[in-house]
Every structure is written in structure tokens, then in C-alpha cells.
1. If you go through the stretch 301-342, how many residues are out of contact with any strand residue (DSSP E or B) (no Cβ under 8 Å at 6 or more places or on another chain) and within 16 Å of R71 (Cβ to Cβ)?
2. Out of the residues in the stretch 249-287 that are closer than 23 Å to V211 by Cα and hydrophobic (A, V, I, L, M, F, W, C), which is farthest from the chain's Cα centre (by Cα)?
3. I need the full set of residues from the stretch 256-299 which are under 19 Å from S332 (Cα atoms), modelled with pLDDT under 95 and of a type in the set (A, V, I, L, M, F, W, C), in order please.
4. Enumerate the helices (runs of 4 or more DSSP H) found wholly within the stretch 236-342, keeping only those where 2 or more residues are aromatic (F, W, Y).
Amino acid sequence: MNRFFKSPGAMLRQQKKQNKCERKTILPDIVAFPAKSRSNGFNLHQVSDMIELPVLESGQPQRRPKPNWLRVKLPTGPEYARVRSIVDEQKLHTICESGNCPNMGECWGEGTATFMILGNVCTRSCSFCAVATGRPNEYDEDEPRRVAEAIAAMGVKHAVITSVNRDELKDRGAEIWYQTVVKVKELSPATTIETLIPDVKGNWDALARMVEARQEVVSHNMETVAELYRRVRPQAKYERSLEQIRRIKEMGHRTKSGIMAGLGETKEQMFEAMDHLVANGLDILTIGQYLQPTRMHLEVAEYIHPEMFEMYREEGLKRGLKYVESGPLVRSSYHSERHVFV
């Protein structure tokens, strides 16, 4: 046999030996380890020769700490517990919970809540919203009755109703909207209602059905300024939302909208949005601080100081808005009972 020929077994053993050598960890020659001594295991005279290795960060971005003016108390109290039990008993959804609202403790403690109809899964994937995104289940036709009974049991003077987007439905859920308001008015005639409706994607017949059930205020949130729309609301259009507000006004309703601050907008862009809203018939505007719900959502670009929110309130009134609710913790339904008669 040729002495230069290696059997397959020998070749395999040699390859394993080579791989084992390659797997050995080679320490950088700049790292000096102290030599062992017979007395204590290490030569203390050589410790000074050691090089301190840098501590590597995990790579996870650190959240910007919240300022003191954004700190809220945890929801507690007997009235909060009562509202919680009614919501759970009727198997209802609230935007207070799904949207991680910082005012849930205050509002529920006063016996009020914002109900979210048509399920708790949205067909949109807005980059600021904590509501789950996906393919919703079939809507519950009995939901209007259960919402009405819950509002009656709570005995609230003013109720806010909102919903997820249901773009897969031909009527965008308009019939459930209509029936919910009708049922609430039947069981609680003295209760005033604000409906915070989603973008109907230009289905103006659906819009008309949503708002013809005698609610006192109809709201549709712009959420942000024109320049940030594609990033914040990728499946919506700034001009279309303005048109939706204008059409609601033309139908004879008190109109309301909301904008978040702290997403990277400038003062000039905020002023321009106010002018656009006034030109399209808006009556009431809410402005509040954007808070990042999870690490998967847009980061907070800036925490706006309360003095800036006060300036926005004054500017909005100067530019023709009838009422402006502006503050770090303001959300669409915050103090909404005040918006009925302005």
C-alpha cells in the first residue's frame, strides 16, 4: 500500500483533531493574568499588571425616564371596584384598559368609563396604539344591549363609546354603532353620549349611519400632524380624516378631535394642524402627551412641559376652536362631560 495513502478512518481522525484545535479559545495577548504562587494561589505583586476588560452593554435601549408631572396613582377605591365588576360581568371591553390610559383610576373612581365596541382586535397597525392588531372575530350582535345595560347600571350622566377599526366589514361596523347609541338612549334617556369613531376609509354612507342616532358629540382623532402621518398612522390619510370631520359637522353635530404631542412635531406643525381643523369645522380639541405603550411602538421623542400644553390651549382658542383640553395626561375622553355644551 502506498505509504502516502490515508484510510478514510485516519482522515476522519485527523479532521476531528484539526477541528478540536480550531475550537480552542485564544485570549488576547494584551490581557495579563497574575501568576499563581504557592502560598495563596496568586502573586499579589503582579495584580497591578492586570488589564480591566470593558463591560459590554446588552444592546437594549434604555427608556427615557418620565418626568414627575406624568406620574399617576394606581386605580383603587370602592367605586373603581364597582365599575370593574360591571365591565367584567357584562364581558365588555374598555379603551381605558386596552389603551393603557393613565387616567383610568381617576375616571373609574368617578363611575365613568369609555366603552370599546366591535371587539378588542383592530385591523389597523398604528405605531402608537396599544390595542391588539390582527384579524378580528365575528362581532357580537348582542353587544349594544350589554353596553346599554352596563351604562344604566353604572348610572353615569355622560358616556363615551369608541371602537376598533373594522376595515373588513362593508359597513365598517356602522350598524352596531347605531344600535349601541339607540339602546343606551332607550335605557338611559338622560345620559349624554360622545362617540369616538374610527376612520371609515371614505365610506360616507357608513359614516352617516354611525352618527344619526342622536349622540351629542361625534369625535374622530387626527392623532398627529400632517408631516408624521405616514409613520404614526400608516393606513390612514391626513386629508381624509379632515374630510371626515368636515362631513360630521355638515351633518349638524358637535365635532371633536385629539392630537398627541411628543412624537417629534414642531410648534409650527401643531399650529398648522389647528388651522386645518378649524377650517374643517372642528369645535373641540384635546392635546395630550404621547406615552410609548411597549418597546414595539414608537419611542417618545420629547416629554412636553405643562407650560407648553397651556400655550397650545391658548393658541387653539385664538385660532377659532371653541374648547381646548390640553395637558400631559389629557386623553380623548378626559373630562368629556365638559364638551357636551360648549
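The values are calculated or read from the model by the stated rules, or taken from the named source; none is laboratory data. Predicted model only: the values in this text are computed from it and were never measured. No Cβ is skipped: glycine too gets one built from the backbone with ideal geometry, and neighbour counts run over all protein chains shown.
1. 2
2. M251
3. Residue satisfying the conditions is L291 alone.
4. In the stretch 236-342, the matching helices (runs of 4 or more DSSP H) lie at 306-318.
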